[in-house]
Amino acid sequence: MNDVQKKAGDLACAGAPRSEDEWDTGQGSLDVPDGYTAVNKSPRRLDALKLALGKGTYADDLELDGVLFVKVLWSPHAHARIVSIDTTEAEKVPGVRCVLHHGNVPRVAYTTAGQGHPEPSPYDSFMFDAKVRFVGDRVACVAADSERAAAIAVSKIKVEYDVLPAIFDPRAAFAEGAVQIHDEPEAVGLPGYDKTRNIAAAMHVDHGDVDGAFARADLVLEREYSVPYQAHCCLEPHSALTWLDEDNRLVVRVATQVPFHSRRILARLLGIPLQRIRVIKPRIGGGFGGKQEVLLEDLPAMVTLRTGRPARLVLTRAEELTSSRTRHPQLLRWKTGVMRDGRILAQELDVLANTGAYGAHALTVQSCTAGKTLPLYRAEAHRFLMKAVYTNLPVAGAFRGYGGPQGFVALESHMDELAGLLGLDPVQFRRMNVVGPGEDNPLAQALGEGKEGPPQRFRSCAIQDCIDQGMAAIDWSRRATLPKEGPIKRGMGMTCLMHGSGIPGVDMGSARLKLNEDGSFNLHVGATDIGTGSDTILAQIAAEALQVPVEKLIVYSSDTDHTPFDKGAYASSTTFITGVSVKKAADGVVRQLLDAAVVMWAHHGDPCPREGLFVKAGAVHRPDGKSLGYDAICLSTFYSHDQHQIMDHGSHMTFECPPPFAAHFAEVEVDTETGGVKVLRYVAAVDCGVPIHPKSAEGQTEGGIGQMLGYALSEDFTFDPGGKLLSDSFRHYKQFSALDMPELQTILVKSFEPAGPFGAKSVSEIPADGPGPTILNAIADAIGIRIRELPITPEKVRKAWLEKQAGGAK
Amino acid sequence: MKIELEVNGARACWECEPHEMLTEVLRRNGLLGVKRGCESGDCGACSVLLDGEEVPSCLVLAAQASGHAITTIEGVGDFDDPHAIQLAFVDATAVQCGYCTPGMVIATKALLEERPSPSEREVRECLAGHPCRCTGHKKPVEAVLAAAATLRARGVVSDSGDDPIADTARSVG
Ligand code: FES
Ligand code: FES
């Protein structure tokens, strides 16, 4: 049998669970198969031309007759009770149609976190509350005929506040006598939640004999690290349009990563049946986790229900930066016990996270800080302690990497420092401890998504190849001779990284595929392309299984009325989870095509057995060389023989969560006179299994690195003493621009993941894990100073340098 | 008030309020490829050409544009006839979420009309006003350089004189 035949013949077992033996493989069966026709190629992305022409329609690119413009009144106080709200003057502004505040909307406790049901985040939010908990919290909103009228009316709302003491330091949040930020009776969370102490989430996980292992270690190193807020900076702001359709159903067109979660959460919040809501995800201008949140659509939706008119809410950039979501700032304490020979015995991680005023993703992000980092190096014992606390500062949430970037700052700084203390080469030290194929993840069960997770074994794991190829690309041997004389010094650093692919045992995606009479296919997926290229990638997976060119796929994503369920675009899951559902649907369609071809040939008086049929180049072929095109088969099944629609659907959930691995390398130049750090070169070698669209995998890697070089070096939240965000514009919140970026090289290391579609695993989040620690390590190499805090501003570098010159501790 | 201007080669006579920015008025008249990312001149998502020069339309009062020629992304190319710059962005996989792309294409057009053979540094300077959160800027820079090469090559081989970029390219060399 040739490959294609085998593919058709094996369809019956596609997607069936594999036996334990099959998993228990060495490198042999992890080879990348040759002969893919549609995947592992980089065709033009299906939506790229439309977008380059400016024709992509994002949420706000729709004119609605009679639309009401919604504007929000945000809290000027970090912590206050609302004593009274007087909207009389606001309502008098011409054109004002509706004013909403805590006194006139239903009081339903929920979480804005767009997670699966039941969301593992505390229910501590309300559409509006009688209390505000950070500068930028919701107080009220106005809907008016024009944006200007809405803005004027907002300024005329009179609010009397009873200002309360505020907490800005997470270390003070759970101290005795600290003011309670969530004192409302409705607020509830998972075990560990303690609102009386401002604790939004807490965990304590021990694996193995932690204290015994530390006691036996030759060397124990313990260090503290600090990482800041970060803003997503999606270029498209959060936007939502709502209206009632001709059947009096509520249509919500929203910039979201999670249309199905949005529908479910909205139904509860608005108190209307889920059946009455349709959520449409149009084109999305970037998400990065910031849109994995039911952040704003409830307000225009409520306005529409109240007034019967369409409504629109689009956040300004200042509102985006102040009142949307952020990356959790953390204080991390990392402790490692090692033997003289470099063997790691025990690892302990203690995280204090600031979740801001609300606890969206507070448990799961912090759990991933451990889940992505602790299993990377072998150890006998692990301990993870975590507290995520409320403060009166902006709200944290999901952000690309989901806790990983914070954790790797600590782990990978620590690994370098340990290597130095042991007198070992940092690369060699990592190589000897890093996990390999066939090993188990000892923490997978303990660190599940708010509950026990399924066990995990690493199968595809090309981390050693990543290290080899990255070292060669940056020419690591130059490290020893980089110039250190003079005020401008050079250094190189590296890190090893791992991430995940979806949430095992939780995430489910599905797809529907139907054939048209020209041999094209409609592919309907609930998965949300937010700029990742998933529409194209899922089309490639279908095209590979169907053996047609990718242009034959017409992809539609996503609409809760017209596409099947998908958990949404998060947790690096779309290719790995939804991709398999697409493959299942396509495999089903191929089975039906073979059946229909048998019927047709029989009707043509030229019968043939089904055995031996295979698909290739948009046709069903028989061993004797005869073939039937999909177009002819479709026409026949529509109008002539065995009439039916050839179509199928697939759903996929898995207990597998194969980590992608990566090694990152950077070369930096540090100016000791100014403290300025310039990143000269950056190399990322990544094992993401078989990249379905290699150029997009590169793009994800480059984009993640660009975003996180800003996190490492320039992006920062600064507040006034009252807790108001000062860096609330692109001018004051400094991202890496085209001029700041170093020479960047991505290497996609060869690898094959048996649990993924055509060998793929995830790629979109792992690049975010690297830049922070890689730059810290490169700076340490350049100037011999270990900085343990991001962002690495010139002030910090210069200060550390002066302290070192003065003989201070470092 | 009424403004009269040339938009993508056609005369337009539009109503607007004196305080309204050009972005709003263009979008209200169906030119939705003009995006809003900051409305403070910091992101270039709203860029248009005003008499051939790139301007952030969020900083230009609609009234100021009266009597001038505006080119938006819709005037650069179409499905049937995409501009070489647009194709270069597509082929370099420089379009991820695509929200920054119209502004970058406009900026590139202005750059290449001025400098048909820009250095990589010049390309980076040009794109520095266009923060892109998706791509890390590598592929957009490649796209601009590729577009420049395509247009230069076309300038050398083509003898139609109607493409101003090709003309510049030819005259420069
Ligand atoms: S919207 Fe005009 S520059 Fe950002
Ligand atoms: S492609 Fe998304 S901002 Fe540039």
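The values are calculated or read from the model by the stated rules, or taken from the named source; none is laboratory data. In this text the structure is predicted, and so the values were computed from the model without any measurement. Backbone-built Cβ (ideal geometry, glycine too); neighbour counts: all protein chains shown. The area values use the complete protein model at the heavy-atom level, side chains included, leaving out ligands, DNA and RNA. Shrake-Rupley method; radii C 1.70, N 1.55, O 1.52, S 1.80 Å.
Using the Cα centre as the reference, give the magnitude of the dipole from point charges on the C-beta atoms of the range A:321-416 (Lys, Arg: +1; Asp, Glu: -1; all else neutral), rounded to the nearest 20 debye.
Values: 11 positive and 6 negative charges, 27 e Å.
Charge dipole, the range A:321-416, about its Cα centre: 140 debye, nearest 20.
Between A:Val279 and A:Val252, A:Thr560, A:Asp561, the built amide H atoms are under 5 Å apart, and every one of these is 5 or more places off in sequence or on another chain. Estimated from helical segments only, the mean residue ellipticity of chain A at 222 nm is -8000 deg cm²/dmol, where each DSSP H run of four or more residues counts as -39500 (n - 2.57).
Only four residue types carry charge here, +1 at the Cβ of Lys and Arg and -1 at the Cβ of Asp and Glu. Report the dipole size of the range A:683-810 about the Cα centre in Debye, rounded to the nearest 20. Write down the numbers at each step before the final one.
Details: 13 positive and 16 negative charges, 73 e Å.
It comes to approximately 360 debye.
Evaluated with a Cβ-only charge set (Lys, Arg +1; Asp, Glu -1), chain A carries a dipole of roughly 1000 debye about its Cα centre, given to the nearest 20. Taking only protein heavy atoms and a 1.4 Å probe, the accessible area of the range A:239-323 is 48% carbon and sulfur. The peptide list A:35-47, B:28-40, put in order of mean Cβ contacts within 10 Å with the highest first, becomes B:28-40, A:35-47. Per residue, the accessible area of the range A:247-351 comes to 24 Å² when a 1.4 Å probe rolls over the protein heavy atoms.
For the range A:493-530, the residues whose amide N sits under 12 Å from a probe point set 7 Å from the Cα of A:Tyr639 along the beta carbon direction are A:517-518. Working note: Debye formula, equal point scatterers on the alpha-carbon atoms of the range A:611-742, no solvent; log10 I(q)/I(0) at q = 0.10, 0.16 Å⁻¹ is -0.67, -1.01. Ranked from largest, the principal axis spans of the Cα set of the range B:16-62 equal 23, 23, 19 Å.
Reported to two decimal places, what Rg/Rh ratio describes the range A:239-323 when computed on Cα atoms with Rh from the Kirkwood expression?
Details: Rg = 12.3 Å, Rh = 12.9 Å.
Looking at the range A:239-323, the ratio lands at 0.95.
Ordering B:Gly67, B:Cys13, B:Leu32 by Cα displacement along the dipole of the range B:13-70 toward the positive end leaves B:Leu32 in first place; charges were set at the Cβ atoms of Lys, Arg (+1) and Asp, Glu (-1). Chain B contacts chain A over a buried accessible area of about 4200 Å², both sides summed; the probe is 1.4 Å and only protein chains count.
When Rg and the Kirkwood Rh are both derived from Cα coordinates, the Rg/Rh ratio for chain B amounts to 0.97. The residue list B:Cys58, B:Gly44, B:Leu22 was ranked by how far each Cα lies along the charge dipole of chain B toward its positive end, using unit charges on Cβ atoms, and B:Gly44 comes out on top.
Averaged over peptide A:54-61, how many Cβ atoms belonging to another chain are found within 10 Å of each residue's Cβ?
What the average comes to for A:54-61 is 6.
Counting only Cα atoms, the protein assembly as shown measures 87, 74, 67 Å along its principal axes, largest extent leading.
How many Å² of accessible area per residue for the range B:2-76, probe 1.4 Å?
Here the per-residue accessible area is 40 Å².
Since only A:Pro106, A:Ala362, A:Leu748 are under comparison, the one whose Cα sits farthest along the positive direction of the charge dipole of chain A, derived from C-beta charges on Lys, Arg, Asp and Glu, is A:Pro106. Annotation: for a label point projected 7 angstrom from Cα along Cα→Cβ of A:Arg81, residues of the range A:97-130 with backbone N closer than 14 Å are A:130.
Were the residues from A:Glu803 through A:Gln428 laid out at 0.36 nm apart, the gain over their Cα-Cα distance would be 131.9 nm.
Fully extending the segment from A:Tyr556 to A:Glu673, taken as 0.36 nm per residue of separation minus the present Cα-Cα distance, adds 36.6 nm. Restricting the GluC sites (Glu not before Pro) of the range A:612-719 to loop positions (DSSP other than H, G, I, E, B) with no more than 12 neighbouring Cβ atoms within 10 Å leaves A:Glu673.
Please sort through the DSSP H helices of chain B and keep those with an alpha-carbon extent of at least 18 Å along the long axis and a Kyte-Doolittle average not below 0.0. Spell out each step's value before the answer.
Numbers: long enough: B:101-114 (20 Å, 0.54); B:138-157 (29 Å, 0.61).
Qualifying helices: B:101-114, B:138-157.
Burial of accessible area (probe 1.4 Å, heavy atoms of protein chains only) in the range B:93-141, relative to its chain alone, reaches at least 50 Å² for B:Thr93, B:Val95, B:Gln96, B:Cys97, B:Tyr99, B:Arg124, B:Pro131, B:Arg133, B:Gly136, B:His137, B:Lys138, B:Lys139.
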